[in-house]
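To keep things clear, I will list the structure first and then write my remarks on it.
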């Protein structure tokens, strides 16, 4: 695994490089103090993960992230921001598909924990196989969301909301039916319509709350939002996913 550390503070950068090399197996760490040097390295090496400081002398980390996402082979590669300015995070998460962030000052144990967690996903089929994502557009912002990161998709008014591990994304000018057709074309058989306004990823379903007077609720692992089950879809869900014990 190749990790590129982009940090202008030499002490912090050298400490990060040393810590990563010591604690991660089969890891090659490249380093850059400027945005220009970072761009040279990522063009001449295949990078598996980026650690980007937000503030650099020539570029911002945001600018580098934008350039990274403009290169096809880096569209889905993990980017981790290192920053003292957490106000940038909503933009980082949504516009540049930032996977995580580390707030300064930080402990090296935190850095290793984040990298190890994300590194487990690098070899997943969903990351390597670029067919396994949805491209969504909201205004002039386009994001690519891995199917494996989605809990559920919700239609609300003229908007489609994507509830994902990386946050909530919104899209217009589409429909739930079109989204489901896209998912089916990717052979993602863990997704199913549960309601006229919901598509759920069954791999994250933890339980169902039954309600005789209104739509029942689907509860997800490690996520506090719920999806609904409509009467029209109930029998098919029970049959396909053996939810008889729950529902």
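Distance between the pseudo-spin-label points of residue 117 and residue 236 (7 Å out from Cα toward the beta carbon): 3.5 nm. Between the labelled values [x] 6, 23, 23, 20, 17, 10, 2, 0; [y] 7, 30, 36, 22, 5, 0; [z] 7, 29, 30, 20, 12, 3, 0, the entry that holds P(r) over Cα pairs in 10 Å bins from 0, in percent as derived from this structure is [z].
What's the whole-number percent of alpha carbon pairs in region 133-241 lying beyond 20 angstrom? Everything past 20 Å amounts to 36 percent. Once the chain from residue 219 to residue 177 is taken as fully extended at 0.36 nm per residue, the excess over their C-alpha distance is 12.9 nm.
Each residue of region 2-123 gets 94 Å³ once the volume of the Cα convex hull is shared out per residue. Short to long, the 10 Å bins of the Cα pair-distance histogram for region 1-46 hold 28, 55, 17 percent of all pairs. Over the chain, dividing the summed -39,500 (n - 2.57) contributions of all DSSP H runs of at least 4 residues by the number of residues returns a 222 nm mean residue ellipticity of -9500 deg cm²/dmol.
Relative contact order of the chain, taken over Cα pairs closer than 8 Å and 6 or more residues apart, is 10 percent.
Here each label is just a point 7 Å from Cα along the line to Cβ, and for residue 103 and residue 159 those points are 2.5 nm apart. With each label modelled as a point 7 angstrom along the Cα→C-beta vector, the residue 60-residue 186 pair spans 2.9 nm. Annotation: the antiparallel percentage among DSSP beta bridges lying fully within the chain is about 65. On the beta carbon distance between residue 44 and residue 1, with R0 = 22 Å, the FRET formula returns roughly 0.80.
No value in this document is a laboratory result; all are computed from the given coordinates. As the structure is a prediction and not an experimental result, all values here were calculated from the model. Here Cβ is always computed from backbone atoms with ideal geometry, including for glycine, and neighbour counts include all displayed protein chains.
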